[in-house]
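Working notes, structure below.
The values are calculated or read from the model by the stated rules, or taken from the named source; none is laboratory data. What you see is a predicted model; the values in this text were computed from it and never measured. In case anyone asks, the SASA skips ligands and DNA or RNA and just uses the protein heavy atoms, side chains included. Shrake-Rupley method; radii C 1.70, N 1.55, O 1.52, S 1.80 Å.
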Amino acid sequence: MKRKPIVAIVGRPNVGKSTFVNRLTGNRNSIVDDLPGVTRDRIYFDVEWQGKEFTCIDTGGIIPGDEDEIMVSIFDQAKIATEEAEKIIFLVDGQEGINPVDYDIANILRKSGKPVFLAVNKLDNPQSMLMTSDFYALAIGEPLAISALHGSGGVGDLLDLVTEGFERSDESEEEHNIKIAIVGRPNAGKSSIVNSLLNEKRVIVSDISGTTRDSIDSVVTYNDEEFVIIDTAGIRKKSKVDWGVEKFAVDRAIHSIRDCDVAVLVLDATEGISDQDKKIASIVTEAGKGLIIAVNKWDLVEDKKSNTINKFDKKLENDIPFLEFAPKIFISAVTKQRLNTIFDKAKEVYAQCIKRVSTGLLNKVIKEAYALNPPTSMKGKRLKIMYVTQAKTQPPTFVLFTNNGNLLKDHYKRYIENKLREAFGFFGTPIKIAVRERSEKEKR
């Protein structure tokens with residue numbers, strides 16, 4: 001897959017970077033709030049302008065020299081973004097005017113040696129656009145007036161300048177990269193896992209619960225194959241989500257689950273499984289996504305013996321029997337113990353998610369299962385399965401044509417599912433079974 005050019009958007013807090021990104025992508029990809037510093041990590045999005053595609057990085061608002069732990073991390077993320085990018089958009093607040101921090105950021109960008117485009121944001125009318133002349137004082141280039149909120153001003157002109165020299169998109173179909181969403185409750189170690197997989201300080205890791213607010217996509221190569229890693233905000237109980245930004249972050253995490261191919265549910269080995277972990281697992285299975293259970297912080301488990309993993313595995317089976325189909329791996333983000341098995345397992349699980357079974361073989365297996373254990377009759381009526389077909393993949397979905405759909409009870413549906421898994425595998429993926437009534441007369 002050919003690498004797209006990268007454009008970083010930098011600036012101090014609350015100048016409208018996330019709003020600008022949302023204007024480029026056409027949806028609420030980044031969290032937007034009136035609170036300064038809402039975007040903490042660097043977030044990657046693909047953008048197309050006039051047939052040219054590039055990757056846009058939305059960075060946290062930077063304040064050079066700030067000693068606050070989170071703000072220092074934001075500054076580090078912005079620095080990494082500018083190192084990765086071919087071009088930089090420096091966003092400033094046209095309504096507020098030049099801030100002393102703008103001078104500090106301009107000095108840093110000047111030293112980067114990268115092309116910098118100065119965008120003066122929040123200018124919504126011709127009169128306010130006259131204020132751009134003040135920003136020549138930053139000595140970073142010609143200021144261009146824009147309004148990210150309304151899309152007016154010189155947004156198009158800015159993008160014309162930024163994409164100059166970029167190649168037009170190759171419309172040939174690209175090989176699918178498996179999307180892996182790292183999910184779980186706050187502080188289970190999701191961001192540490194992402195950083196270890198990428199071998200860089202990709203996401204801010206802090207003891208402060210809920211540090212990751214956005215869902216963050218990164219492309220990583222493992223054994224000459226590219227995977228997309230999505231680090232998501234920790235999902236809390238709804239009763240604990242009591243302010244707008246965090247609620248939107250949870251919504252984004254759930255959206256990332258629905259957008260991924262395989263979800264890795266991160267559990268804390270020192271705490272075991274919680275009701276919230278079970279809820280997240282339910283979200284994954286309801287969305288029909290592949291699932292891997294990753295027990296993190298395995299290095300902190302004391303008194304490890306030869307059967308410790310087996311005991312923990314058995315406990316998980318008792319606590320979450322509905323996830324028996326999901327492979328389990330025991331890892332440590334800190335020591336990188338068995339960490340790369342995430343890629344190997346994700347590849348195996350994805351293959352199961354897209355597996356198709358021939359109709360003839362499928363009907364043979366179900367017919368044998370029915371003969372081995374026919375359903376009990378109800379009020380003189382017995383369920384008859386006349387025909388089975390696989391309707392779709394991701395997740396594997398099967399349609400049973402029966403004489404009476406009401407006669408298919410949950411326990412017998414689970415029996416059919418187990419027989420499908422025994423015959424064809426489907427480990428790591430939920431299976432969905434639908435019922436359609438079909439009279440024996442129709443069958444003939």
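Structural remarks
- Sequence of GLU84, GLU324 from largest to smallest accessible area, 1.4 Å probe: GLU324, GLU84
- Residue order for TYR415, TYR103 - accessible surface, 1.4 angstrom probe, largest first: TYR103, TYR415
- Per-residue extension of 0.36 nm, minus the Cα-Cα distance of GLU302 and SER377, leaves a gain of 21.7 nm for this segment.
- Accessible area of GLU167 in the full protein assembly, 1.4 Å probe (Å², nearest 10): 120
- The 1.4 Å probe gives accessible areas that order SER192, SER332, largest first, as SER192, SER332.
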